[in-house]
Amino acid sequence: MDKYFKGKRILVTGGCQGIGEGLVIELWKHGANVVTISNQPENLKKLKQQYPSIEVAAVDLRNWEQTREIVDSLGVFDGLVNNAGVAIIEPFMEATPSSFDETISVNVKAILNVSQIVAKKMIENKIKGAIVNVSSQASKAALKDHVVYCASKGAVDSMTQVMALELGPHGIRVNTVNPTVIMTAMGRKVWSEQSKREEMISKIPLRRFGEVHEVVNAIMFLLSDGASMISGVKLPIDGGFLAT
């Protein structure tokens, strides 16, 4: 895997914080030509200052046409990671149309949009590429106050399977990773309440939350030729949460 990424062009959405940032840096360390897009221009600027060879572009993934224009302008890629996402936490009885629309727009429609553009160019250039969509254990298990988020991640898993079916004949593999709670800055904040934290950890056989590098390692594998016969898979990174 060390040599696989050298010179490969990889696009990562939402790559300037959390899992996305960890992935972008790891790909860069392995010699990939990394491009990341995000709606956080200040964080993109900081990333660019630290890693000048990483290409960045600011885009609001909720804007279908702007996204298509910018992604198309970025050229041809060997791999794509759809990492950008939002999590609006609301009980079922309080979930709003605006929360639903926002979540689906970023977590689902943006994956469709970006992937269409990237896959089209892979096919035109006869690139046997790989796409990894970042889903969640929430696609497979009910989480309290996560009704809209769970729905969006279920859609991601289903869309991934169809992508794998239709893009497979072109040599393009499509998979998801489905993490549990990951200790990003946001994760530490959301799960800082002791009772809430302990309740979730009690459902994880390994009795801990995940770390960013543990998700990054799985994505790197699925992007690489080490996973050359793996497509349409939903890979839990959950310490056994879904096994219980």
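Can you tell me which of PHE100, PHE77 is out of contact with any Leu (no Cβ under 9 Å at 6 or more places or on another chain) and aromatic (Phe, Trp, Tyr)? Full working, then the answer.
On the way: PHE77 fails: out of contact with any Leu (no Cβ under 9 Å at 6 or more places or on another chain).
Only one candidate passes the filter, namely PHE100.
So that you can scan it fast, the table gives a plain yes or no per residue for (1) farther than 30 Å from ARG9 by Cβ; (2) among the acidic types (Asp, Glu); (3) free of Cβ contacts under 8 Å to residues at least 24 places away in the same chain:
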residue	(1), (2), (3)
ARG173	no, no, no
MET186	no, no, no
LEU206	yes, no, no
PHE221	no, no, no
MET229	no, no, yes
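For the structure I just gave you, tell me whether GLY18 is at pLDDT 95 or above and under 14 Å from the mean Cα position of the chain (by Cα).
For GLY18, the condition - at pLDDT 95 or above and under 14 Å from the mean Cα position of the chain (by Cα) - is met.
Could you check, for the range 214-229, whether at least one of its residues is over 17 Å from ALA32 (Cβ atoms) and in a loop (DSSP other than H, G, I, E, B)?
Looking for residues that are over 17 Å from ALA32 (Cβ atoms) and in a loop (DSSP other than H, G, I, E, B), one finds at least one in the range 214-229, hence yes.
Kindly indicate which of LEU80, LEU44, LEU61 is buried (at least 19 other Cβ atoms within 10 Å of the Cβ) and farther than 23 Å from MET163 by Cβ.
LEU44
Any residue in the range 162-180 that is touching a helix residue (DSSP H, G or I) at 6+ places or on another chain (Cβ under 9 Å), under 20 Å from PHE221 (Cβ atoms) and surrounded by fewer than 16 Cβ atoms within 10 Å (Cβ to Cβ)?
Looking for residues that are touching a helix residue (DSSP H, G or I) at 6+ places or on another chain (Cβ under 9 Å), under 20 Å from PHE221 (Cβ atoms) and surrounded by fewer than 16 Cβ atoms within 10 Å (Cβ to Cβ), one finds at least one in the range 162-180, hence yes.
Which one of these is out of contact with any Asp or Glu (no Cβ under 8 Å at 6 or more places or on another chain), over 28 Å from ASP225 (Cα atoms), surrounded by 17 or more Cβ atoms within 10 Å (Cβ to Cβ) and in contact (Cβ under 8 Å) with a residue 24 or more places away in the chain: ALA110, ALA95, ALA155, ALA119?
Of ALA110, ALA95, ALA155, ALA119, the one residue that is out of contact with any Asp or Glu (no Cβ under 8 Å at 6 or more places or on another chain), over 28 Å from ASP225 (Cα atoms), surrounded by 17 or more Cβ atoms within 10 Å (Cβ to Cβ) and in contact (Cβ under 8 Å) with a residue 24 or more places away in the chain is ALA95.
Please verify whether the range 56-69 includes one or more residues that are hydroxyl-bearing (Ser, Thr, Tyr), touching a residue at least 12 places away in the same chain (Cβ under 8 Å) and over 30 Å from ALA151 (Cα atoms).
no
What residue, among those in the range 147-194 that are outside any loop (DSSP other than H, G, I, E, B) and of a type in the set (Ser, Thr, Tyr), is farthest from SER115 (Cα to Cα)?
Once the filter is applied, the top-ranked residue is TYR149.
Condition first: touching a Leu at 6+ places or on another chain (Cβ under 9 Å), of a type in the set (A, V, I, L, M, F, W, C) and in a loop (DSSP other than H, G, I, E, B). Can you find one or more residues in the range 126-146 that meet it?
Scanning the range 126-146 turns up at least one residue that is touching a Leu at 6+ places or on another chain (Cβ under 9 Å), of a type in the set (A, V, I, L, M, F, W, C) and in a loop (DSSP other than H, G, I, E, B).
The values are calculated or read from the model by the stated rules, or taken from the named source; none is laboratory data. Please read all numbers here as calculations on a predicted model, not as lab measurements. Note: ideal-geometry Cβ built from the backbone for every residue, glycine included; neighbour counts use all protein chains shown.
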